[in-house]
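The values are calculated or read from the model by the stated rules, or taken from the named source; none is laboratory data. Here the structure is a predicted model, which is why all the values come from computation and not from measurement. Using ideal geometry, Cβ is built from the backbone for each residue, glycine included, and neighbour counts are taken over all protein chains shown.
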Amino acid sequence: MSAPNPAVTPLVEVAGVTKRFGPVVAVEDASFSIRHGEILGLIGPNGSGKTTLLECMGGVLAADSGAIVRDGRPLTPDERSALLFYLPDAIAPWPSQPLAWALDYTMDIFGGRRPLREDVLRALELGPLLDRPLGRLSKGQRKRALLAIGLLTPQPLLVADEPFEGLDLRQARDLARKLRAFAGGDRAMLLSIHQIADAARVCDRFVLISAGSVCGEGTLAELCALAAARGAAPAGPGLEEVFLGLT
């Protein structure tokens, strides 16, 4: 028997996750896989359930049903914490502490990737900001600072909610290129993105979500084929047209 291909064998699977808030179903039976070393985009408009799903994955919210599964077995909370690091959107931790302190403190807690520290600082252009308190950073600077924290954690999977939110076109393109440099090998990423153009620039595969339900998973070519098989052939070859055809 041949050895499993790590590019195809899932690092982790989301299996039937559902989350309700009273009568409102925010996420319904969401299932998909994340592969070793890939950047997977969770794509959907605001209000589609992306953040709720990520919070269930990260243990911030308790799912009503479903599980995070590895090797056919649901993960315990401790196993999940060892596997993935969840980076929420729009947080501003330790506002009075300088960036250098935040990076070192996080690496001390998690046993982070210290050999990558200088590469991450250089790639995200954070060197001049090391002595600046996090609370005094601009929105774009804070995005890069939080991503640096996430990239330096040791978990095999980085889960980031809206890493491009609030960035202009040039900043988003630059950040997408730099994120690609840190994916692969022992590091996969799941990025929640509502701007489809941003997702198309950085992601290897996509999970499309609308109204809390997963509508498709795969590469752009696979999603095009899925849309055609469902009788909803996209009007064009781009990810936007495919999303519209499947949702």
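May I ask you to say which residue of Lys19, Lys50 is touching a His at 6+ places or on another chain (Cβ under 8 Å) and not β-branched (Val, Ile, Thr)?
Of Lys19, Lys50, the one residue that is touching a His at 6+ places or on another chain (Cβ under 8 Å) and not β-branched (Val, Ile, Thr) is Lys50.
Inside region 176-216, can you point out the residues that are of a type outside the set (Gly, Ala, Ser), crowded, with 19+ Cβ neighbours inside 10 Å and assigned to a strand (DSSP E or B)?
The answer is Arg187, Met189, Leu190, Leu191, Ile193, Phe206, Val207, Leu208, Ile209, Val214, Cys215.
Conditions first: (1) closer than 29 Å to Gly166 by Cβ; (2) of a type in the set (A, V, I, L, M, F, W, C); (3) touching a strand residue (DSSP E or B) at 6+ places or on another chain (Cβ under 6 Å). Val24 passes all but one, so which condition is the exception?
(3)
Just the residues that are more than 10 Å from Ile43 (Cβ to Cβ) and crowded, with 18+ Cβ neighbours inside 10 Å, please, taken from region 224-240.
Scanning region 224-240 gives Cys224, Leu226, Ala227, Pro234.
Where residues in region 145-175 are among the charged types (D, E, K, R) and more than 24 Å from Val60 (Cβ to Cβ), which of them is surrounded by the fewest Cβ atoms within 10 Å (Cβ to Cβ)?
Arg170
Looking only at residues that are modelled with pLDDT under 95 and either of a type in the set (A, V, I, L, M, F, W, C) or buried (at least 16 other Cβ atoms within 10 Å of the Cβ) (or both) in region 122-133, which one is nearest to Phe182 (Cα to Cα)?
At the first step, the residues of region 122-133 found to be modelled with pLDDT under 95 are 122-125.
Keeping just the survivors that are either of a type in the set (A, V, I, L, M, F, W, C) or buried (at least 16 other Cβ atoms within 10 Å of the Cβ) (or both) gives 123-124.
Values: Ala123: 10, Leu124: 11 Å.
In this case the residue turns out to be Ala123.
With the requirement that a residue be among the β-branched types (Val, Ile, Thr) and farther than 17 Å from Arg114 by Cα, what does region 144-162 give you?
Answer for region 144-162, where residues must be among the β-branched types (Val, Ile, Thr) and farther than 17 Å from Arg114 by Cα: just Val159.
From Gly212, Gly216, which residue is closer than 19 Å to Thr9 by Cα and within 20 Å of the chain's Cα centre (by Cα)?
Gly216
Please pick out the residue among Leu152, Leu157 that is in contact with a Lys or Arg (Cβ under 6 Å, 6 or more places away or on another chain) and within 23 Å of Met107 (Cα to Cα).
On the way: Leu157 fails: in contact with a Lys or Arg (Cβ under 6 Å, 6 or more places away or on another chain).
Leu152 is the lone residue from the list that is in contact with a Lys or Arg (Cβ under 6 Å, 6 or more places away or on another chain) and within 23 Å of Met107 (Cα to Cα).
Within region 53-75, identify whether any single residue is more than 28 Å from Gly166 (Cα to Cα), touching a residue at least 60 places away in the same chain (Cβ under 8 Å) and crowded, with 18+ Cβ neighbours inside 10 Å, and answer yes or no.
Among the residues of region 53-75, at least one is more than 28 Å from Gly166 (Cα to Cα), touching a residue at least 60 places away in the same chain (Cβ under 8 Å) and crowded, with 18+ Cβ neighbours inside 10 Å, which makes the answer yes.
Would you please name the residue that is farthest from Glu13 (Cα to Cα), looking only at residues in region 159-175 that are in a helix (DSSP H, G or I) and of a type outside the set (A, V, I, L, M, F, W, C)? Working first, answer last.
To start, the set of residues in region 159-175 that are in a helix (DSSP H, G or I) comprises 169-175.
From the residues that got through so far, the ones that are of a type outside the set (A, V, I, L, M, F, W, C) too are 170-171, 173-174.
Details: Arg170: 33, Gln171: 31, Arg173: 29, Asp174: 30 Å.
Among those residues, the one meeting the criterion is Arg170.
Just one of (1) among the β-branched types (Val, Ile, Thr); (2) assigned to a helix (DSSP H, G or I); (3) buried (at least 18 other Cβ atoms within 10 Å of the Cβ) trips up Val27, so point out which.
Status for Val27: all satisfied but (2).
Okay, residues lined up against (1) under 21 Å from Gly216 (Cα atoms); (2) at pLDDT 95 or above:
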position: Leu11; (1), (2): yes, yes
position: Thr18; (1), (2): yes, yes
position: Val27; (1), (2): yes, yes
position: Gly37; (1), (2): yes, yes
position: Gly41; (1), (2): yes, yes
position: Asn46; (1), (2): yes, no
position: Leu54; (1), (2): yes, yes
position: Ser65; (1), (2): yes, yes
position: Ala82; (1), (2): no, yes
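Just to be sure, is Ala221 more than 28 Å from Leu137 (Cβ to Cβ), in a helix (DSSP H, G or I), free of Cβ contacts under 8 Å to residues at least 60 places away in the same chain and touching a Gly at 6+ places or on another chain (Cβ under 7 Å)? First the steps, then the outcome.
Values: more than 28 Å from Leu137 (Cβ to Cβ): yes; in a helix (DSSP H, G or I): yes; free of Cβ contacts under 8 Å to residues at least 60 places away in the same chain: yes; touching a Gly at 6+ places or on another chain (Cβ under 7 Å): no.
Criteria not met by Ala221.
From the list Leu191, Leu175, exactly one residue is closer than 21 Å to Gln155 by Cα and in contact with a Cys (Cβ under 9 Å, 6 or more places away or on another chain). Which is it?
Leu191
Look at Thr18 and say whether it is hydroxyl-bearing (Ser, Thr, Tyr), part of a helix (DSSP H, G or I) and surrounded by 14 or more Cβ atoms within 10 Å (Cβ to Cβ).
Considered against the rule, which asks whether it is hydroxyl-bearing (Ser, Thr, Tyr), part of a helix (DSSP H, G or I) and surrounded by 14 or more Cβ atoms within 10 Å (Cβ to Cβ), Thr18 comes out as no.
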